[in-house]
Amino acid sequence: MSDTSSDPVRYEVTDGIAVLTLNRPEAMNSVNSALATAVGEALEAASTDPAVRAVVLTGAGRAFCAGADLKAISRGESIAPEGHPEWGFAGFVQYWTAKPVIAAVNGFAMGGGTELALACDLVVAADTAVFGLPEVKRGLIAAAGGVIRLQRQLPLKRALELALTGDGVEAEVAREWGLVNRVVPAGAVLDTALELARKIAANAPLSVQYTKQMMHRTQQGLSDWNGQWGTEEPWAVNSDLAVTVFTSADAMEGPLAFAQKREPNWQGK
């Protein structure tokens, strides 16, 4: 097995769960082109692997992600994923995957780190984590999805408070506001995220994937997954996706397994 200790992203799949670990701890997992490219490639691998049922995104060391690598930018270097600008910041924030993605926020997550968390479906945070969009303090704007997604995931005045002051909020406050699902001690973040992932992975793959798609497509107005869907009538979307799920082999297997008092054997089709 090759040594992945120096790779910008570590990618491991165990029992249907793909774990993507941002692996630049010496730079607080800040995003340069190598990391962005590796994240996008790992997410593509997870998206196209039928054995993967859920994805966990976390960071090595004491930070989740400190945002863009400002040193790389100061040297005039691109931080975009090589050959795939459509993947967006960190090769992640505009990369739609049907698989549920859980952020295991192990530490500092201001700026781009918060934007990565906003692009995930669920968030487990360490009690030491801090979230926020400080870009206005630096003459910038949270253009990696922050000013799009924050207002979709929080009441508007909460979102405006964070975005306009640039101040951070601790993990427990983020949980109370609805940005975070679980707050746990730092040492339990990855295990808690994996526990959630296993619960999801135990369910029928098509049911999970189309449930995720339905919620994102009909949340409100245009989807924040640019280019995926326009404004759609929610019941029409619901009917289309329901037909796909209800006519699948898994839709027959679920009731049969229940009637036979056994665990279902999901095929993902």
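The values are calculated or read from the model by the stated rules, or taken from the named source; none is laboratory data. This structure is a prediction, so every number in the text was calculated from the model and none was measured. Don't worry about glycine lacking a Cβ; one is built from the backbone with ideal geometry, like all the others, and counts go over all protein chains shown.
Here are some residues: THR114, THR165. Which one is among the hydroxyl-bearing types (Ser, Thr, Tyr), modelled with pLDDT of 95 or more and closer than 20 Å to ALA90 by Cα?
THR114
Here are ALA117, ALA98, ALA125, ALA90: which of them is assigned to a strand (DSSP E or B) and touching a residue at least 12 places away in the same chain (Cβ under 8 Å)?
Exactly one of ALA117, ALA98, ALA125, ALA90 is assigned to a strand (DSSP E or B) and touching a residue at least 12 places away in the same chain (Cβ under 8 Å), namely ALA125.
Considering only the range 136-162, how many residues are closer than 12 Å to PHE89 by Cβ and either acidic (Asp, Glu) or outside any helix (DSSP H, G or I) (or both)?
Residues flagged as closer than 12 Å to PHE89 by Cβ and either acidic (Asp, Glu) or outside any helix (DSSP H, G or I) (or both) within the range 136-162 amount to 4.
For PHE131, which of the numbered conditions (1) among the aromatic types (Phe, Trp, Tyr); (2) touching a Phe, Trp or Tyr at 6+ places or on another chain (Cβ under 8 Å); (3) modelled with pLDDT of 95 or more fails to hold?
That leaves (2) as the condition not met.
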